[in-house]
Each structure stands twice: as structure tokens, then as C-alpha cells.
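Engineer: My structure is below; once you've seen it, I'll send some questions.
The values are calculated or read from the model by the stated rules, or taken from the named source; none is laboratory data. Keep in mind it's a predicted model, so treat the numbers as computed, not measured. So basically every Cβ, Gly included, is an ideal-geometry build from the backbone, and we count neighbours across all protein chains shown. Heavy atoms of the whole protein, side chains included, go into the accessibility calculation; ligands, DNA and RNA do not. Shrake-Rupley method; radii C 1.70, N 1.55, O 1.52, S 1.80 Å.
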Amino acid sequence: MREFGNSQVFSIKYEFTNNPYDEIGIIGNSWGVFELWVNGKELCRFLRNNQECNYEWNLIYLVDWISKNLNNILYDEEFPLPVNGKTTLELLINSSEFNSDNDDEFDEWFSAKQDWEFKHSWISSRGGSYLPGIYFRRSGEQIEISWDNEGIYNDEVSFPYMTGVEYVPIEVFEAVVKEFIGDFLNYEAQYNR
């Protein structure tokens, strides 16, 4: 397995494996196992039917989402709505309590919330997989990595770390993610010739 970073702080590990669905092109060629480690916790591993599973899917979906949203993660500090909260999870919960009789105002509020979520959580790129619900947000000179997997896949799947928040120095996060993306794209091209 290829590893970038230190799993006791922040690391990404991945390995290409055989595509079980005989998909072709970049989708088929990018099938593999992916691990995200934050302060000694592997956040992508899950339990299904009482069996521990590694996250395994078309990894190009993750690489594409991370590539498109890395600047949002690294540079956006402000949550787009006027609510209080110290963590992403608190901000999302508090912003969900908004109510208005004005349909336009209501739609504008939830559109801003949803737009922010698409830029800071990779769950929209899961493509049918059991990807955990993780958010990435700049907080000062750190990246807050928070997750909430409660009820995300009903009772079918559970995660050892169902909810939580951890912090990683921004320079560590940026270096690891950029090294992973560069290696993935280079290795994928070589691996799939």
C-alpha cells in the first residue's frame, strides 16, 4: 500500500486492486483501497454484516473531488451563514434550525448551506460506495477534519469512529494531499498502461 504522511498525525494510503465489475477506462482502472488516517484513527474502515471492510471503490471519484475542492478547504475560513458553532458539525446542526415563511429566503439559506457542504464534504462523490461522511474545513492554521456517520447508511453499515473532530496542521494536510494526488495520477497512468 502506498502511504503519504504519518498515520499518527495525518496520512493517506491507497492501493490499486482488480476491478470486480470489469469497468473500463479511468473508472475501471482506478479501482482500489483507500485509507484516511487522522491522529491514529483510520476513518474509512467500516463494518458490514459484522465483517470489517476497507474502503474500496473507484478512487478517481475521491481524487477528482479533492482536486476540485482543495482550495476551498485550504482558504475558506468562514461558514457562509450567520450561526454559532466551534466545529463543522455544530455549524451544520445550528444552520439546520433556520426557518422562514419567506420561501425565497428559506431556499437561499439552504442553498448556501448545501453549496458549502458540497465544497467541504466528499460524500457527494461517493458514487454508490460506503464512503464516510467527512468534512474538511480550515480553522486558523489547522484543518478541522470532522465526521458524522450516524444513520448515514441506516443500520447496514457502521464505522468504528461514528462521530468526531480532529485537527491537523494546515501545512501537513496540504503536503500530504498534494503528494497523494500527484502520486495517484502518475501511478495510475503507469499502472494502467
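Engineer: When you go through (1) under 20 Å from Ser67 (Cα atoms); (2) open to solvent by 30 Å² or more (accessible area, probe 1.4 Å) one by one for Phe136, which number turns out not to apply?
Structural biologist: (2)
Engineer: Additional query: Here are the criteria: (1) over 18 Å from Val38 (Cα atoms); (2) within 17 Å of the chain's Cα centre (by Cα); (3) touching a residue at least 24 places away in the same chain (Cβ under 8 Å). Tell me which single one Ala112 does not satisfy.
Structural biologist: Here Ala112 meets the rest and fails (2).
Engineer: From Val176, Val168, which residue is in a strand (DSSP E or B), surrounded by 16 or more Cβ atoms within 10 Å (Cβ to Cβ) and either over 12 Å from the mean Cα position of the chain (by Cα) or small (Gly, Ala, Ser) (or both)?
Structural biologist: After applying the criteria, what remains is Val168.
Engineer: I've got another one for you. Mind checking which residues of the stretch 70-104 are under 22 Å from Thr163 (Cα atoms) and of a type in the set (Ser, Thr, Tyr)?
Structural biologist: Thr87, Thr88, Ser95, Ser96
Engineer: Considering every residue within the stretch 130-142, establish whether at least one is touching a strand residue (DSSP E or B) at 6+ places or on another chain (Cβ under 6 Å), under 23 Å from Ser7 (Cβ atoms) and among the small types (Gly, Ala, Ser).
Structural biologist: Scanning the stretch 130-142 turns up at least one residue that is touching a strand residue (DSSP E or B) at 6+ places or on another chain (Cβ under 6 Å), under 23 Å from Ser7 (Cβ atoms) and among the small types (Gly, Ala, Ser).
Engineer: Taking interchain pairs and intrachain pairs at least six residues apart, which have beta carbon atoms under 7 angstrom, with the first residue in the stretch 118-144 and at positive phi and the second surrounded by 18 or more Cβ atoms within 10 Å (Cβ to Cβ) and modelled with pLDDT of 95 or more?
Structural biologist: Gly127/Trp57; Gly127/Asn58; Gly127/Tyr61
Engineer: In addition: At least 2 residues that are open to solvent by less than 30 Å² (accessible area, probe 1.4 Å) and touching a Cys at 6+ places or on another chain (Cβ under 8 Å) in each: list the strands (runs of 3 or more DSSP E) lying fully within the stretch 1-111 that qualify. So that I can check it myself, show each step before the final result.
Structural biologist: Details: elements: 2-6, 10-16, 31-38, 46-48, 51-53, 55-58.
In the stretch 1-111, 31-38 are the strands (runs of 3 or more DSSP E) which contain 2 or more residues that are open to solvent by less than 30 Å² (accessible area, probe 1.4 Å) and touching a Cys at 6+ places or on another chain (Cβ under 8 Å).
Engineer: Can you name the condition, by its number, that Gln114 falls short on among (1) at pLDDT 95 or above; (2) open to solvent by 20 Å² or more (accessible area, probe 1.4 Å); (3) part of a strand (DSSP E or B)?
Structural biologist: Evaluating Gln114 over (1) at pLDDT 95 or above; (2) open to solvent by 20 Å² or more (accessible area, probe 1.4 Å); (3) part of a strand (DSSP E or B) leaves (3) as the failure.
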